[in-house]
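What follows is a set of notes on a single structure, which appears directly below.
The values are calculated or read from the model by the stated rules, or taken from the named source; none is laboratory data. For clarity, every value in this text was computed on a predicted model and none was experimentally measured. A quick note on method: Cβ atoms are made from the backbone with ideal geometry, for glycine too, and the neighbour counts reach across all protein chains shown. SASA here: full protein model, heavy atoms, side chains in, ligands and nucleic acids out. Shrake-Rupley method; radii C 1.70, N 1.55, O 1.52, S 1.80 Å.
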Amino acid sequence: MADAAQPNLYSLPVSPPNFDKVGKFYMAFCMTWTFLLFVGMGFLILNRKSPILKVRGLPLSLTAILFLHAYWILAQITYPVGMTLPVVVAYDVQYFFMGIWFPLGVAMFHASNTRFLYVARLQKRYARSPSGRRKKQGCNGAKTSWHCRLRNLDYPTRVLIYIGLAMIVQVLLTVLMWLASSKYHPSFGVMGTALHPGTIAEQMLELSRGWEWWPTALWQVIWAWIVAPIMIWRAWGIHDTLGWRFQTICCCIANLHATPMWLISTYVPAFAPMNQYFAPSEWIHLSVMFFEVFAVFVPCWLVIRQRSLRERAAKSNAKWETTSQTTMRASGSAEWRSAPALEKGLTVEYMDKELGDRLFTMSALDHVLSSNPGPLQEFSAFRDFSGENVAFLTRVSSWKGMWTAAPDEDTLRDLFTRALVIYTDLVSPRDAAFPINLSSADLKHLEGIFERPARILCGEVRVDPATPFSAGSSPGGTRKGSNSSSDDEYFELGELAGRVQYAGEISEAFDISVFDRAHTHVKYLVLTNTWPKFVTEIQSQRRSGETQRSHSTGHSRSTVASRMSSLCVLFCKLEAS
């Protein structure tokens, strides 16, 4: 009779909320952290057009954070209000959140991290060629083979497909195991899967253990101990100025402890006293908090720092520009023109911090763009992930150099074709892999001149300007038009420039100044974003490697800093004079 009177786990009455000191701490901490997180996410959304954030792909990253944070909130309120639900229902909620919701959030988060590697790989082509073009890769027979179709998709789309397929398997395993295990529903299930006789505490512990939890544990091990180390290894050699590498590596490292500590605290009896206040799943949620720090708060700080650097560059340009132009004109004497650049710089400590801001001028940027833009192009592609901006400046300048005073019909059509290539490679949100950041008015102006010819020649490619790397939006994806009925017929317009000419109607608004507004806007973006970082990098490398470079010969292999040093010497000497 005593056994019959013992409470049954399935009929255990619910308890009132537990608002002791620990419960109050969890509630206060949960609300405070959530408020700060939402403030940070709101700040990122408001500044989503910042170069640091635009390339990151905020929608996928923030969606993953919301998924993970929802599960984090559930864990924080478990101690104070968890027992207000029936015990089995509470464990059912935890089981499905940890088996489906949390793996989906982790998968989306790591998918957003892989974007870093994808962007870094694509930007390399701007360092190899200012055109930024690449041969379309894939395989033939896409109409008949699903494998070829998959290979022809862009990288982010393939990643999302793989994650989607894995999540289907995860959902099926989670649901099937829940249906098979009768300890979550004693009325049905596979024989032998019911709870073993014991005390209420022992049965509650058994609910949180068992083979039903292994699919989610395996999923976490795959992401934390297989995918994450691979990402760390691939990202280690990428040294960007956006803090993206730092964010990716830190997020991967922060998740390494989660699954082992969750399993240890669940199965090792010595953790039982601690588990009363710090549940085993809290080890996982600790990594979620690190995700949020590195994916939300660190980018917020980077945006603020970039804003400060941009303001510093703008003020320096306004302060020194007039003086710089006057000095450079006055310094064009015969002896300066005849003296070698390195000889002129031997007496100038041009890397001193005091002279740093004097390089943050439009004249300095123009000097580099006209003399030797290669190192700046490499820096913007490899380090700043903004290679399209410098490529646009150099290609427009080269294009304008082809104009004559009164071009004939044939020359005008050749110039229009080359301008159309610039538009499709670097401006068009439909065609460019990295469209330059223009105002809506400037973009509409260029679209009014080039969009219809681009669609006639290139077909109908659709890219969302806000998320140019989202699924189905990659250049080289599905094209609709007379020139793109199959992958075999796909071509880059730039491959034909110089050999063929556009024969259609040319807008009357087309002239040598067609890109001027966009050129001015992009140059100012480079001046206030990429250029200060480039100058600072040159100064840092120059100071740290002064002795080594003093013994190098002119025939040694150049780095970005050494190849730019002569130009910076010349310009700084002109400034100092």
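Using the heavy atoms of the protein chains alone and a 1.4 angstrom probe, what is the accessible area of the stretch 178-230 per residue in square angstrom?
Heavy-atom SASA per residue in the stretch 178-230 reads 53 Å².
With every protein chain left in place, what is the accessible area per residue of the stretch 359-442 in square angstrom, probe 1.4 Å? All intermediate terms of the calculation are to be shown ahead of the outcome.
On the way: 2540 Å² over 84 residues.
Spelled out: the 1.4 Å probe surface of the stretch 359-442, per residue, equals 30 Å².
Which of rounded, prolate or oblate describes the stretch 392-431 when judged by the alpha-carbon gyration tensor and an a/c cut-off of 1.5? Can you show the working numbers first?
On the way: a/c = 4.16, a/b = 1.66, b/c = 2.50.
Note, shape of the stretch 392-431 comes out oblate.
Along the principal axes of its C-alpha atoms, what lengths does the stretch 3-109 span, in descending order and rounded to whole Å?
Here the Cα extents, ordered largest to smallest, are 68, 30, 13 Å.
Which of the trypsin sites (Lys or Arg not before Pro) found in the stretch 1-72 are loop residues per DSSP with 12 or fewer other Cβ atoms within 10 Å of their Cβ? Provide the component values of the computation, followed by the final result.
Working: sites: 21, 24, 48, 49, 54, 56; in loops: 48, 49, 56.
Here the trypsin sites (Lys or Arg not before Pro) that fit, given the DSSP loop and packing criteria, are 49.
Starting from the Cα-Cα distance between residue 517 and residue 222, subtract it from 0.36 nm times their residue separation and give me the gain in nm to one decimal.
Working: separation 295, 0.36 × 295 = 106.20 nm, distance 4.96 nm.
Contour length minus the Cα-Cα distance gives 101.2 nm.
Quick check: with the 1.4 Å probe, what order do 119, 171 take by accessible area, largest first? Let's see the in-between values first.
Working: 119 0, 171 50 Å².
Largest accessible area first, the residues go 171, 119.
Run the numbers for residue 409 and residue 370: contour at 0.36 nm per residue of separation, minus the present Cα-Cα distance, in nm.
Numbers: separation 39, 0.36 × 39 = 14.04 nm, distance 2.90 nm.
Answer, rounded to one decimal: 11.1 nm.
Rounded to the nearest 0.05, what FRET efficiency is calculated for residue 246 and residue 505 with R0 set to 60 Å and r the Cβ-Cβ distance?
Values: r = 51 Å, r/R0 = 0.84.
Given R0 = 60 Å and the Cβ-Cβ separation, E is 0.75.
What percentage of the solvent-accessible surface of the stretch 207-311, computed with a 1.4 Å probe over protein heavy atoms, is contributed by carbon and sulfur atoms? Don't skip to the answer; put the middle values down first.
On the way: 3550 of 4680 Å².
The value for the stretch 207-311 is 76 percent carbon and sulfur by accessible area.
Per the 1.4 Å probe, what fraction of the accessible area of the stretch 352-439, in percent, lies on carbon and sulfur atoms? Let's see the in-between values first.
Values: 1410 of 2880 Å².
It is 49 percent, rounded to a whole number.
Over the heavy atoms of residue 410, what accessible area does a 1.4 Å probe trace out, to the nearest 10 Å²?
Only protein atoms counted, so the area is about 90 Å².
Give or take rounding to whole Å, what are the principal axis extents of the alpha carbon atoms in the stretch 214-319, in descending order?
Sorted from largest, the Cα extents of the stretch 214-319 read 68, 32, 19 Å.
Are there chymotrypsin sites (Phe, Trp or Tyr not before Pro) in the stretch 152-241 that DSSP puts in a loop and that have at most 11 other Cβ atoms within 10 Å, and which ones? Kindly include the intermediate steps, with their values, before the conclusion.
Details: sites: 162, 178, 184, 188, 211, 213, 219, 223, 225, 233, 236; in loops: 184, 188, 236.
Hits after loop and neighbour filter: 188, 236.
Quick check: with the 1.4 Å probe, what order do 168, 77 take by accessible area, largest first? The partial results should precede the final answer.
Numbers: 168 100, 77 50 Å².
So the residues, ranked largest to smallest area, are 168, 77.
Give the Cα extents of the stretch 61-119 along the principal axes, in whole Å, largest first.
For the stretch 61-119, the Cα spread along each principal axis is 48, 18, 12 Å.
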